[in-house]
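What follows is a short report on a single structure.
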Amino acid sequence: MSGRGIALGVGIFLLLLLIFLFEPFTIVSAGYRGVLMRFGAVEKDSLKPGLHFREPIIQSIVQLDTRIQKSDTTEDAASHDLQDVHTSLATNWNIDPDAAPDLYQRVGNVEQIFNRLIEPAISNTIKAVTAHFDAEELITKRDIVATQVLTGLRQYLEPYHIHVAAVNITNFAFSPDFSKAIEEKQVAQQRALQAQYELDQRRVSAQEKVVEAEAAANANIAQAHGEAQSTLIKAKAQADANTEIAKSLSSDIMRWKAVSQWNGQLPRFLGTTTPLPFLGVNP
């Protein structure tokens, strides 16, 4: 190998060594923003995801995660009726990518942003919101409580260019005595509901019996009216028939019926008041 080839090889080696040692190229990963610093001072503009050149020794790049972060926290507070409340919640938040250099300069990396901004904001907001609700309302109005916490966090963190995407209250825990009282109250309410249900059922059953009795009475009354009406009709028909028969019976017919039914024997003893059987029948 010629001296020129050796020199070229050495030059390439030294160049690669310098690139390895000083790392003039940096790749900013997707979901991150690069915070560019010159001699430790933060530059104004952030670096978007991709390949970037930096001046070795003079410039350095810190990558700041701008993706949505999930933070699980627990906070102790007091309700409006002075009950101790242990609240567990999950908060989804992320930093504004364009504000990455300013946040890094003022606060630090993502972990420091959570410890110095997010966590205190959650604690203060939970205490403020919880104080407006009684302990039982925190359970029955959980969605309203979560909405107010979300609104409070957004107002608290907006000046720092931190966006809160969602808040989910995973649990409310109370003192053992209060939890027992709540359980007993719920049991009493269930018993009251069961008693009311049974009472309603008895009322329905009684009403059904009343309806059935009224229907039976009405049926009996209707039957009696029908029978009475039938009797009246029969009596009237019989009376009309008797009247017609009476009209048709003449004296001749009456004598004929008497003669046809006489056995031909005269009474053996005749008194002054004993009538003779049709002796005076006219021809």
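Each reported figure results from applying straightforward, stated rules to the coordinates on display, with no laboratory input. Since this is a predicted model, take the numbers as computed values, not measurements. So basically every Cβ, Gly included, is an ideal-geometry build from the backbone, and we count neighbours across all protein chains shown.
Neighbour counts of C-beta atoms inside 10 Å place VAL210, VAL149 in the sequence VAL210, VAL149, starting with the fewest. Exposure proxy ranking for LYS209, LYS48, based on other Cβ atoms within 10 angstrom of each Cβ and starting from the fewest, stands as LYS209, LYS48. Computed about its Cα centre, the charge dipole of the stretch 51-204 is approximately 260 debye, with only Lys, Arg, Asp and Glu carrying charge at their Cβ.
Legend: ranking of residues THR73, THR243 from fewest to most surrounding C-beta atoms inside 10 Å; resulting order THR243, THR73.
Distance between the 7 Å Cα→Cβ label points at HIS161 and ALA237: 10.9 nm.
Could you tell me which of rounded, prolate or oblate describes the stretch 69-174, using a ≥ b ≥ c as the square roots of the eigenvalues of the alpha-carbon gyration tensor, with rounded for a/c under 1.5 and, failing that, prolate when a/b is larger than b/c and oblate otherwise? Because a/c hits 1.5 or more and a/b exceeds b/c, the stretch 69-174 counts as prolate.
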